[in-house]
Amino acid sequence: MLSIKNLHASIGGKEILKGINLEVKAGEVHAIMGPNGSGKSTLSAVLAGREDYEVTEGSITFNGKNLLELSPEDRAREGIFLAFQYPIEIPGVSNVNFLKTALNEIRAYKGLEPMEAKDFLARLKEKQKLVELDGKLANRSVNEGFSGGEKKRNEIFQMAMLDPCLAILDETDSGLDIDALRIVAGGVNKLKSKDNATIVITHYQRLLDYIVPDVVHVLFNGKIVKSGPKELALELEEKGYDFIKEEVGA
Amino acid sequence: MANEILEDQIGGEYKYGFVTDIEADNAPKGLNEDIIRFISKKKNEPEWMLEYRLKAFRYWLTLEEPHWAHVSYTKPNFQDIIYYSAPKPKVQLNSLDEVDPELLKTFEKLGISIEEQKRLSGVESRIAVDIVMDSVSVKTTFKETLSEKGIIFCSFGEAVQEHPELIKKYMGSVVPYTDNFYAALNSAVFTDGSFCYIPKGVRCPMELSTYFRINASGTGQFERTLIIADEGGYVSYLEGCTAPMRDENQLHAAVVEIVTHKNAEVKYSTVQNWYPGDKEGKGGIFNFVTKRGICLEDNSKISWTQVETGSAVTWKYPSVILKGDNSVGEFYSVAVTNNYQQADTGTKMMHLGKNTRSTIISKGISAGFSNNSYRGLVRIAKGASNARNFSQCDSLLMGDKCGAHTFPYIEIKDKSAVVEHEATTSKIGEDQLFYCKQRGIDNEKAIGLIVNGYCKEVLNKLPMEFAVEAQKLLAVSLEGSVG
Ligand SMILES: Nc1ncnc2c1ncn2[C@@H]1O[C@H](COP(=O)(O)OP(=O)(O)OP(=O)(O)O)[C@@H](O)[C@H]1O
Ligand SMILES: [Mg+2]
């Protein structure tokens, strides 16, 4: 589904990603861990097409298409969803209106008619339940005045509504209380299928108890320096990143 | 439907920039007493009207153009303007068949279908329209339906002929010709406009609307609107305006007066879309307008709602004098400037009566190299006990070459007053846009969504038909301003 080869990206002339290689297949869950500033959010921003970053080398193929040639909105329409580490507020625009616009734009791209109002409402209800989102939040302006945890939950709600092919969750667990973590993770698991894939970026192995990854990658200084089974996350939690530094001789 | 709107937006150019090829009956260029006599004669006016004009003109001659607004432009040459231009032939239009087909085409392009209006007239219709092209009113619809209720809705010129007692009583009672430079000019040379009178206890059953169109080149448009709601009366009034794209600057200097008697209410909504000039700032309308209402008696209410997207330079402060006790004044405004547009707009709320309340919500949006200023005055007179005002002035910046300014003035002469003022300035963020795009929404739609969200409180005040129009307009005006 996703194939990243030797990806280099920089911002303001400063290289952040220094040769990333990553293969994600349909049905898989990949976890990416790594110290602060190692480039995790940068990688997700580059995948989503944020223009501030310049890709200087390498390639990204997504479902057979050259992702780097697509605009951010087309990437989203092709099925890439990014749950932001810091979700953005849009005052005056209701969540419902926002999602309706997004959903219908994605449908239009696929040559589909806008969704019928009643189908849309039904879907809204169903997905709201899935992530146990308060009905009031759905009607409020996008993320405006939401608590940190509510914003994160809203990201997963949007993901459920838009039904992406590849979801990238950038520290969706941070800021969630224990119950919310369980609910959000449960939601992600329910949305999992053999046709879609998830990349989970996290600092805590706790989340990986709920969303069990097929592979764990360690991103360090712009490179994936180690990949392994889910036990790698445990090891990291125990030993910290120092042993990785030693291993890669940094 | 949604796609059509989208295509419209992507088109992005000023949609109303066409010129209608209609023969016009023009006055010679220039301004002097003879020109004023010419206009008055053309309009077959009574002597008192001519006298009023001449008095205003003589006063105007003693004035100098105001400089205090935060705008800069080349002064219009008042001798280089045509003060009267009428589409020919000027006939009393009694049926649709008499309307010049070129005019009909114009209306269709403007999205005003008289056919449609006519078709609806038997059934449930919601908007009556008065259309003013250059200097004259060319068509007023639904006059008969309205007159059954005693409502007078006609061109200003007609009102001078048919209802001189009302004109004499109210004209200049809110905006005297001595008020300011452009009000004096207007009082001297105004050519037409709309007049509306709502009798005692009548709620106007439909929206009344005036559509202003500048068509001829080299002309100025100087119209007057006078709206009176007698005791317990109610009317919602809409104003729209467009002009062709021309390299020259054309002057629009209008006067609008509103009077509400006891328990009466007038809602006045404007979608101002005069030609703003091109991307380099060439051409466009100078929009110097005096709009004021007076809540003359107790428990009456006046609200101004405006969506300002057009004009090269705008200078306009729709205001309310709250004279009657318990009267209410409201001002809801969205002002958009892009490219080299300049707007200095806001309101004045003058509290004279007891327990008077006013609300000001102003949303400025600046893009390109434009300048957008809010200027507002809240004055609480001595004896206006328990007066309250709430003001909120928000500015939204798109890009970093534009300017937003707020000039709030507050004068409180009564200790019991409660005045609150809030102001914010924000930038339309790359982050917000990227967030939308990441959800599959393209740049244009994203800007539309964000801007409409920002203006929601104001747009909500507009009548339905206008709100949709205004939303589209906002998106078009900001075309290409970010990203
Ligand atoms: N605009 C910018 N200019 C310069 N450096 C930047 C810019 N944006 C990000 N960086 C740098 O890029 C590096 C990677 O940042 P990134 O946000 O990808 O880290 P991260 O792995 O997501 O960290 P965290 O765990 O704290 O979320 C950091 O050192 C950051 O300071
Ligand atoms: Mg990060």
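The table below gives the values:
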| quantity | calculated |
| --- | --- |
| Counted residues, segment A:163-186 - those being touching a Ser or Thr at 6+ places or on another chain (Cβ under 9 Å) and either free of Cβ contacts under 8 Å to residues at least 12 places away in the same chain or β-branched (Val, Ile, Thr) (or both) | 3 |
| Residue check, B:Tyr59 surrounded by 19 or more Cβ atoms within 10 Å (Cβ to Cβ) and modelled with pLDDT of 75 or more | no |
| Selected residue (criterion: nearest to B:Ala470 (Cα to Cα)) from residues of segment B:360-409 that are within 23 Å of the chain's Cα centre (by Cα) and assigned to a loop (DSSP other than H, G, I, E, B) | B:Ala367 |
| Filter result for the condition that a residue is away from chain B (no Cβ under 14 Å), more than 16 Å from ligand 2 (Cβ to nearest atom) and surrounded by fewer than 16 Cβ atoms within 10 Å (Cβ to Cβ), over A:Lys230, A:Lys245 | A:Lys245 |
| Extreme residue, nearest to the other protein chains (Cβ to nearest Cβ), among residues of segment A:88-103 that are polar (S, T, N, Q) and closer than 14 Å to B:Val451 by Cβ | A:Thr101 |
| Residue within segment B:466-474 that is open to solvent by 20 Å² or more (accessible area, probe 1.4 Å), assigned to a helix (DSSP H, G or I) and of a type in the set (A, V, I, L, M) present | yes |
| Filter result (out of contact with any strand residue (DSSP E or B) (no Cβ under 9 Å at 6 or more places or on another chain) and among the acidic types (Asp, Glu)) within segment B:399-456 | B:Glu430, B:Asp431, B:Asp442, B:Glu444 |
| Looking only at segment A:141-173, and only at residues there that are away from chain B (no Cβ under 12 Å) and within 16 Å of ligand 2 (Cβ to nearest atom), the one that is farthest from A:Ser193 (Cα to Cα) | A:Gly148 |
| Wholly enclosed helices (runs of 4 or more DSSP H) of segment A:1-119 bearing at least 3 residues open to solvent by 40 Å² or more (accessible area, probe 1.4 Å) and more than 16 Å from ligand 2 (Cβ to nearest atom) | A:95-109 |
| Residue match in segment B:453-465 (condition: part of a loop (DSSP other than H, G, I, E, B), within 12 Å of chain A (Cβ to nearest Cβ) and either buried (at least 18 other Cβ atoms within 10 Å of the Cβ) or of a type outside the set (Ser, Thr, Tyr) (or both)) | yes |
| Output for segment A:174-200, where each listed residue is within 16 Å of ligand 2 (Cβ to nearest atom), within 24 Å of A:Leu137 (Cβ to Cβ) and modelled with pLDDT of 90 or more | A:Val200 |
| Only listed residue being out of contact with any strand residue (DSSP E or B) (no Cβ under 8 Å at 6 or more places or on another chain) and of a type in the set (Ser, Thr, Tyr), chosen from B:Tyr332, B:Tyr340, B:Tyr268 | B:Tyr340 |
| Every residue from segment B:338-387 that is among the charged types (D, E, K, R) and farther than 25 Å from B:Ile285 by Cα | B:Lys354, B:Arg357, B:Arg379, B:Lys382 |
| Matching residues, segment B:372-386, being surrounded by fewer than 18 Cβ atoms within 10 Å (Cβ to Cβ) and under 23 Å from B:Lys316 (Cβ atoms) | B:Leu377 |
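The values are calculated or read from the model by the stated rules, or taken from the named source; none is laboratory data. Everything numeric in this text was worked out from a predicted model, so none of it was measured. With ideal geometry, Cβ positions are generated from the backbone for all residues, glycine too; neighbour counts draw on all protein chains shown. Accessible surface is based on the protein model in full, side chains and every heavy atom, while ligands, DNA and RNA are left aside. Shrake-Rupley method; radii C 1.70, N 1.55, O 1.52, S 1.80 Å.
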